[in-house]
Amino acid sequence: MPRAYDLEERIIGHACALCRIAESLPLTVLGRHIANQLIRSATSPAANYGEAQGAESRRDFGHKLKLCLKELRESRVWLQLIQRMHLGTDAELEPALEENDELIAIFVTSIRTTLQTLPAVARHRAPRTATGDGGNGRRRRTPVSE
C-alpha cells in the first residue's frame, strides 16, 4: 500500500483506522473503556497537527508537535493492550501499530529539527516560577502579568 506524503492526510487516515478498531471492540466494561481512550488518543494528533499549522512561533509549533507525539505514544499503548488481551485481530492491529510507529518516528524527527532551528536562548529558557524570578533567584523589576 503506497504511503501518502501529505502528513495531515496520513494522520487523519490513521485516526480513522484506529476509530474503526475501537468500534470493533467488545461491548464490555473493558472494551468500552479501551475504545473511549483509543478514540481520544487517536483523534488528538490530527487536531493538534492542525493547530500546529497555525502556530504563532517556531517554539509553539514544536510544542504542538510534542502533543501529537504524546498522543501517538498513548495510542500505541492502547493498541498493544488490545493485542495482548486478544480483543482484536493481528490483521487489523499489525498495520495500525506499524503506521503508528512510522508516525512516531516522523514526529520525533520533526521535533528534533524544529528544536535545532530555535535560538539557544529559546531552547533553554527557564520556566517562570511563582516568585517571578525565572528560576534564577533574581527578582524582576516589573511584575509579570499571568
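The values are calculated or read from the model by the stated rules, or taken from the named source; none is laboratory data. All of these numbers come straight from a predicted model, not from anything done at the bench. Glycine gets a Cβ as well: all are built from the backbone with ideal geometry, and neighbour counts include every protein chain shown.
Given the options Arg10, Arg20, name the one that is surrounded by fewer than 16 Cβ atoms within 10 Å (Cβ to Cβ) and either of a type in the set (Lys, Arg) or in contact with a Ser or Thr (Cβ under 9 Å, 6 or more places away or on another chain) (or both).
Working: Arg10 fails: surrounded by fewer than 16 Cβ atoms within 10 Å (Cβ to Cβ).
After applying the criteria, what remains is Arg20.
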Scanning the range 19-53 residue by residue, those β-branched (Val, Ile, Thr) and part of a helix (DSSP H, G or I) turn out to be Ile21, Val29, Ile34, Ile39, Thr43
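Only one of Pro95, Pro127 is in a loop (DSSP other than H, G, I, E, B) and either more than 15 Å from the chain's Cα centre (by Cα) or modelled with pLDDT of 95 or more (or both); which? Quick ask: steps written out before the conclusion?
Numbers: Pro95 fails: in a loop (DSSP other than H, G, I, E, B).
It is Pro127.
Here is a list: Ala35, Ala47, Ala55. Which entry is surrounded by fewer than 20 Cβ atoms within 10 Å (Cβ to Cβ), of a type outside the set (S, T, N, Q) and over 11 Å from the mean Cα position of the chain (by Cα)?
Working: Ala35 fails: surrounded by fewer than 20 Cβ atoms within 10 Å (Cβ to Cβ); Ala47 fails: over 11 Å from the mean Cα position of the chain (by Cα).
After applying the criteria, what remains is Ala55.
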Within the range 30-57, residues aliphatic (A, V, I, L, M), over 18 Å from Gln80 (Cα atoms) and out of contact with any Phe, Trp or Tyr (no Cβ under 7 Å at 6 or more places or on another chain) come out as Ala46, Ala47
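If we keep just the residues of the range 72-100 that are over 17 Å from Glu23 (Cβ atoms) and hydrophobic (A, V, I, L, M, F, W, C), which is surrounded by the fewest Cβ atoms within 10 Å (Cβ to Cβ)?
Residues of the range 72-100 over 17 Å from Glu23 (Cβ atoms): 72-74, 76-77, 80, 84, 86, 90, 94, 97-100.
After this cut, where a residue has to be hydrophobic (A, V, I, L, M, F, W, C) as well, the list is 72, 77, 97.
Numbers: Leu72: 26, Val77: 12, Leu97: 17.
Among residues in the range 72-100 that are over 17 Å from Glu23 (Cβ atoms) and hydrophobic (A, V, I, L, M, F, W, C), the one surrounded by the fewest Cβ atoms within 10 Å (Cβ to Cβ) is Val77.
Starting from residues that are β-branched (Val, Ile, Thr) and part of a helix (DSSP H, G or I), keep the ones in the range 59-92 and report whichever is nearest to the chain's Cα centre (by Cα). Steps first, please.
Taking the range 59-92 and keeping what is β-branched (Val, Ile, Thr), we get 77, 82, 89.
Narrowing the set further to residues that are part of a helix (DSSP H, G or I) leaves 77, 82.
Working: Val77: 13, Ile82: 19 Å.
My answer is Val77.
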Residue set Leu65, Leu103; condition within 21 Å of Glu8 (Cα to Cα), crowded, with 16+ Cβ neighbours inside 10 Å and either touching a Phe, Trp or Tyr at 6+ places or on another chain (Cβ under 8 Å) or modelled with pLDDT under 95 (or both); output residue Leu65
By residue number, the members of the range 96-118 that are aliphatic (A, V, I, L, M) and within 16 Å of Gln80 (Cβ to Cβ) are Ala96, Leu97, Leu103, Ile104
(1) under 17 Å from Leu115 (Cβ atoms); (2) part of a helix (DSSP H, G or I) all hold for Glu56 apart from (2)
In the set Glu71, Glu92, the lone residue that is acidic (Asp, Glu) and without any contact (Cβ under 8 Å) to a residue 60 or more places away in the chain is Glu71
